Structure formats: C-alpha cells, structure tokens
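Chemist: This is the structure I have questions about; it appears just below.
The values are calculated or read from the model by the stated rules, or taken from the named source; none is laboratory data. Computed from a predicted structure; not experimentally measured. Please note: Cβ atoms are built from the backbone with ideal geometry, for glycine as well, and neighbour counts cover all protein chains shown.
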Amino acid sequence: MTVVLETLELTKKFGGLVAVNAVSLSVNAGEAFAIIGPNGAGKSTFLNLLSGLMPPSYGDIFLNGEAVTRNAPHALRKQGMARTFQNGRLFPRLTVLENVMAGACPGERAHLLEIFMRRKIYDKWQATIAGRAEAALRRLNLWGLRDKFVKELPFGVQRNVEIARALAADARIVLLDEPAAGLNSAERVALVKTLNDLKNQGLAVVLIEHDMSLVMAWSDRIAVLNFGEKIAEGAPQEVRANPRVIEAYLGTEDGHA
Ligand code: ADP
Ligand code: MG
C-alpha cells in the first residue's frame with residue numbers, strides 16, 4: 001500500500017474560529033476516500049489547506065512522503081495534487097481543450113523575454129502541455145468534444161471537463177469538492193464511473209460529498225468532520241453505525257455531507 005497523502009494535526013483558525021482542528025489522516029494510492037460532515041464542519045477549508053490555497057495555522061502535509069505544508073498551489077500541482085472546486089471554475093467561453101490546457105500549465109512563470117529569445121523552449125513547453133491535456137481528455141472520453149465551448153455542454157459533461165483539467169497536471173491524487181452537486185441521476189452514475197476509473201488507474205481520490213447514498217456506495221474509507229474535528233473514520237458500515245456520527249447528524253434535515 002502506497003501512502004500518497006498524509007496530514008498530521010492539520011489546523012486552521014480564522015480568528016477565534018477553529019475551522020479545522022488537528023486533523024490527521026492518510027490516503028493511499030487507488031483508494032476512494034470520502035470526507036463528510038454537516039455544513040460548516042470544515043471540509044472545504046481542509047481541501048483548501050491540502051491544495052495550498054491557504055496556509056495552515058498548525059500541522060503538516062506530506063505528499064508522496066515529502067513535506068509540502070507551505071507549498072504554493074502551482075508547486076503542489078506539479079507534485080501531483082489536483083483539485084476541483086465546489087462551484088466549478090471552468091472558463092465558459094473557452095473550448096474544452098483550452099480549459100484543460102489551462103490545467104496542464106505547470107504554473108512556471110513564463111518570462112516573456114525568455115519566450116522570445118528561446119522560442120524552441122517555449123514551443124516544447126507548449127507541446128508538453130498539449131500532450132498532457134490530450135492524455136487527460138482521452139482518459140475521460142472527452143477527446144471528441146475538445147473543440148466544443150464549455151458553455152454549450154450539459155452540466156454532467158462540464159463536471160468531467162473539470163476533472164480532466166485537474167488530471168492534466170499529471171496528478172497522483174485528485175481532490176473533489178461536491179462534484180455531484182447539481183447533477184441529475186444519470187449524470188451522477190456517470191460521475192461515479194469516472195471516479196472509479198481514476199481509482200482503478202491508481203490515483204488516490206478524495207471526495208467531499210453531500211449525497212450520502214453516493215458516499216456509502218462509492219467509498220473505501222470515510223472520515224467524518226464535525227466542528228473542524230475528525231470524529232470518526234472507517235469503512236462505510238462502521239461510520240454509519242458510529243454513535244458520534246449519528247449524533248452529529250441529528251438535528252440536520254437530511255444529513256448534509
Ligand atoms: P464545509 O465545507 O464543511 O461546509 P467550510 O470549510 O466551508 O465548511 O467552513 C468551516 C468554517 O470555517 C465555517 O464556520 C465557515 O464559516 C468558516 N470559514 C470558511 N472559510 C473562511 C474564511 N475564509 N474566513 C473566515 N471563516 C471561514
Ligand atoms: Mg464546503
């Protein structure tokens with residue numbers, strides 16, 4: 001078993017509020033790992049810490065055994081950490097291919113003068129990006145749609161484009177924040193298939209999800225957050241039967257993930 005991601009006591013405070021409180025967990029290659037918890041439990045913040053969007057107040061993050069705790073998002077992308085967002089961030093007026101190429105861009109500052117002086121290097125860099133984008137699109141069966149504008153595509157397909165974009169940077173682990181939100185049931189089925197493909201290709205997949213039936217059916221392991229703390233972790237059946245989890249979900253209408 002290869003550990004891809006590990007966090008130790010990861011903590012984020014916003015003023016007096018502890019949004020993520022000393023969360024330690026690890027995720028393996030080829031593992032379907034879900035993070036659930038009531039609204040405001042700290043799930044999105046946890047993902048923001050993992051992807052370098054904000055620095056933790058305390059604690060550490062290891063990626064493939066290397067400490068990456070304060071690395072910037074583009075550095076983390078290069079190291080194999082990919083993510084999608086709760087309210088997708090595709091460019092609607094760009095094509096599928098253009099969107100995915102934006103994800104493949106390793107984020108190095110391409111110095112303009114350098115580009116003019118060293119055209120060949122720039123061309124090679126572009127070819128690398130195009131190659132990665134193509135590989136990601138083919139992996140998700142989107143290559144045939146590469147010239148379509150994103151805004152013309154159904155929601156479910158857009159979600160897959162987001163995943164392709166995340167993968168285009170040679171990902172080892174992909175973090176998804178509520179990817180099933182707004183999808184119809186057929187699109188959800190397609191999403192689960194995509195997530196399973198990624199897992200079967202050896203990626204670690206970390207999913208924040210609202211839909212309990214999806215989480216219970218898909219996950220190998222589930223971590224439950226409540227008020228920033230991890231209150232339970234285990235296989236779906238164990239987590240479902242855990243009294244602390246049941247208590248955390250009491251008082252919420254439908255068990256928000
Ligand atoms: P979840 O994704 O589980 O619904 P969040 O991670 O979005 O929860 O939020 C956890 C807590 O942190 C909430 O109380 C939220 O209001 C607070 N929070 C999230 N982001 C910020 C921020 N940038 N500044 C201040 N408070 C924040
Ligand atoms: Mg959230």
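Chemist: Quickly run through region 199-226 and pick out the residues that are of a type outside the set (S, T, N, Q) and in a strand (DSSP E or B). Give the steps one after another, and end with the answer.
Modeler: Step one: of region 199-226, the residues of a type outside the set (S, T, N, Q) are 199, 202-212, 214-218, 220-225.
Answer for region 199-226, where residues must be of a type outside the set (S, T, N, Q) and in a strand (DSSP E or B): Ala204, Val205, Val206, Leu207, Ile208, Arg221, Ile222, Ala223, Val224, Leu225.
Chemist: Oh, and also: Quick one: count up the residues across region 147-171 that are at pLDDT 90 or above, within 20 Å of Ala204 (Cα to Cα) and either surrounded by fewer than 21 Cβ atoms within 10 Å (Cβ to Cβ) or assigned by TED's automatic domain parsing to the domain that holds Val215 (or both).
Modeler: 0
Chemist: Continuing with this model, one more query. Which pairs turn up if I take residues in region 2-19 that are more than 13 Å from Phe62 (Cα to Cα) and touching a residue at least 12 places away in the same chain (Cβ under 8 Å) and look for partners that are hydroxyl-bearing (Ser, Thr, Tyr) and within 16 Å of ligand 2 (Cβ to nearest atom) with beta carbon separation below 6 Å, at least 6 apart in sequence or on another chain?
Modeler: Sorted first by the residue in region 2-19, then by its partner, the pairs are Lys12/Thr45; Ala19/Thr45.
Chemist: Considering only residues that are farther than 14 Å from Ala34 by Cβ and modelled with pLDDT of 95 or more, look in region 218-241 and name the one that is surrounded by the most Cβ atoms within 10 Å (Cβ to Cβ).
Modeler: As a first pass, look at region 218-241 and keep what is farther than 14 Å from Ala34 by Cβ: 226-229, 231, 241.
Those left that are additionally modelled with pLDDT of 95 or more: 226-229, 231.
Values: Asn226: 20, Phe227: 16, Gly228: 22, Glu229: 17, Ile231: 17.
Here the answer is Gly228.
Chemist: Now a separate question. Taking only pairs six or more apart or across chains, which ones have beta-carbon atoms under 6 Å, a first residue in region 33-48 that is in the same structural domain as His210 (by TED's automatic domain parsing) and at positive phi, and a second residue that is within 6 Å of ligand 1 (Cβ to nearest atom) and among the β-branched types (Val, Ile, Thr)?
Modeler: none
Chemist: Please work out which residue is farthest from Ala72 (Cα to Cα), limiting yourself to region 39-53 and to residues that are part of a loop (DSSP other than H, G, I, E, B) and within 7 Å of ligand 1 (Cβ to nearest atom).
Modeler: That would be Asn39.
Chemist: Six or more apart or on different chains, Cβ under 7 Å: which pairs go from a residue in region 59-72 that's under 12 Å from Val3 (Cβ atoms) to one that's small (Gly, Ala, Ser)? Could you list them?
Modeler: Pairs found: Leu63/Gly80; Asn64/Gly80.
Chemist: From the list Arg77, Arg83, which residue is under 18 Å from Ala171 (Cα atoms), outside any loop (DSSP other than H, G, I, E, B), within 16 Å of ligand 1 (Cβ to nearest atom) and at pLDDT below 90? First the steps, then the outcome.
Modeler: On the way: Arg77 fails: within 16 Å of ligand 1 (Cβ to nearest atom).
After applying the criteria, what remains is Arg83.
Chemist: Which residues, counting only those in region 89-136, are at pLDDT 65 or above and part of a loop (DSSP other than H, G, I, E, B)? Working first, answer last.
Modeler: So in region 89-136, the residues at pLDDT 65 or above come out as 89-105, 119-136.
Once the filter is applied, which keeps residues that are at pLDDT 65 or above and part of a loop (DSSP other than H, G, I, E, B), region 89-136 yields Arg89, Leu90, Phe91, Pro92, Arg93, Leu94, Cys105.
Chemist: For Val174, state whether it is more than 16 Å from ligand 2 (Cβ to nearest atom) and either closer than 24 Å to Glu6 by Cβ or not assigned by TED's automatic domain parsing to the domain that holds Met101 (or both).
Modeler: yes
Chemist: Let me ask you something else. Restricting attention to region 178-201, does a residue exist that is over 18 Å from Gly30 (Cα atoms), among the charged types (D, E, K, R) and assigned by TED's automatic domain parsing to the domain that holds Ala136? Write out each step before concluding.
Modeler: We begin by selecting, within region 178-201, every residue over 18 Å from Gly30 (Cα atoms); these are 178-190.
Okay, now just the ones that are also among the charged types (D, E, K, R), so 178, 187-188.
Then drop every residue that is not assigned by TED's automatic domain parsing to the domain that holds Ala136, which leaves none.
Checked region 178-201: no residue is over 18 Å from Gly30 (Cα atoms), among the charged types (D, E, K, R) and assigned by TED's automatic domain parsing to the domain that holds Ala136.
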